[in-house]
């Protein structure tokens, strides 16, 4: 028996919008720790890891570990039927091949349930060890989204370079080149507007912009984003979900031949 | 020239 009640149902709607472009089908794993997902895009270039901790739910019952295969486009269709203020409850019985999403309006005058068929998905789980990153950049998520969007109108790839001067995003294409430098800026009115660079050593890596643009679908989940970079490792782009967990995207760099 | 890496170049299946 699984029953997860999330008062801030809009979070779940935003999570689906954040991952459905990158991943088509995925297994949602439910355990005492929380509601999680790890999935790669079809070309295995990018990976998304989601965690919604059990403590973040108003009610969390998960009698045994359960993995539920879902088509994310279909989940998104179901969740789009929930109002933005609705409380969302996810329910499944042991051994059942369906999951139910229940939507309650804030004043309880409308209750809807949507039952969706589960599917068998052969997904590979990758072990991602904790790593020390050479540089971690924290910046406003809207600013990062803007940079990725702007650069992708010029080129297909971006070189992200971190030095003690700041973080530089560079691209080149048929019509020309572009460089955007963001300097560390801690002296802002609100902490979420700061750009903070923690650098152990300078690092420079090249990435495909279309994946980074896809990651920025998570922008509504968090006002800030952190970008962790190391030579010879995928970049980690993390959006924290207030008090509950995170959506982390991993993107393999371009490798010099 | 550069080639696009994949997750398998960096992480092991578990």
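For this structure, a couple of remarks:
- Being under 25 Å from residue A:240 (Cα atoms), crowded, with 16+ Cβ neighbours inside 10 Å and without any contact (Cβ under 8 Å) to a residue 24 or more places away in the chain is not true of residue A:144.
- Residues in the range A:81-88 include none that are modelled with pLDDT under 95 and out of contact with any helix residue (DSSP H, G or I) (no Cβ under 6 Å at 6 or more places or on another chain).
- Test for residue A:96: is it farther than 25 Å from residue A:212 by Cβ, part of a loop (DSSP other than H, G, I, E, B), away from chain B (no Cβ under 14 Å) and in contact with a helix residue (DSSP H, G or I) (Cβ under 6 Å, 6 or more places away or on another chain): no
- The range A:7-27 - residue that is in a strand (DSSP E or B) and surrounded by fewer than 22 Cβ atoms within 10 Å (Cβ to Cβ) and, of those, nearest to the other protein chains (Cβ to nearest Cβ): A:27
- Residue A:157, sole failed condition from (1) surrounded by fewer than 17 Cβ atoms within 10 Å (Cβ to Cβ); (2) more than 20 Å from residue A:238 (Cβ to Cβ): (1)
- Residue within the range A:124-141 that is buried (at least 17 other Cβ atoms within 10 Å of the Cβ) and assigned to a helix (DSSP H, G or I) present: yes
- Among (1) in contact with a helix residue (DSSP H, G or I) (Cβ under 9 Å, 6 or more places away or on another chain); (2) assigned to a loop (DSSP other than H, G, I, E, B); (3) over 27 Å from residue B:4 (Cα atoms) - the single one residue A:64 does not satisfy: (1)
- Residue in the range A:31-46 that is surrounded by the most Cβ atoms within 10 Å (Cβ to Cβ), counting only those that are in contact with a helix residue (DSSP H, G or I) (Cβ under 9 Å, 6 or more places away or on another chain) and closer than 21 Å to residue A:66 by Cα: A:35
- In this structure, residue A:75 does not satisfy being within 15 Å of residue A:218 (Cα to Cα), in contact with a strand residue (DSSP E or B) (Cβ under 8 Å, 6 or more places away or on another chain) and either within 14 Å of chain B (Cβ to nearest Cβ) or buried (at least 20 other Cβ atoms within 10 Å of the Cβ) (or both).
- Top-ranked residue of the range A:236-257 - restricted to ones that are assigned to a loop (DSSP other than H, G, I, E, B), within 22 Å of residue A:53 (Cα to Cα) and in contact with a helix residue (DSSP H, G or I) (Cβ under 8 Å, 6 or more places away or on another chain), ranked as nearest to the other protein chains (Cβ to nearest Cβ): A:244
- Qualifying position, being in a strand (DSSP E or B), in contact with a strand residue (DSSP E or B) (Cβ under 9 Å, 6 or more places away or on another chain) and within 14 Å of chain B (Cβ to nearest Cβ), among A:212, A:205, A:233: A:205
- Residue in the range A:60-67 that is in contact (Cβ under 8 Å) with a residue 60 or more places away in the chain and surrounded by fewer than 18 Cβ atoms within 10 Å (Cβ to Cβ) present: yes
The values are calculated or read from the model by the stated rules, or taken from the named source; none is laboratory data. Quick caveat, the model's predicted, so the values are computed rather than measured. Because the Cβ atoms are built from the backbone with ideal geometry, glycine has one as well, and the counts that use them run over all protein chains shown.
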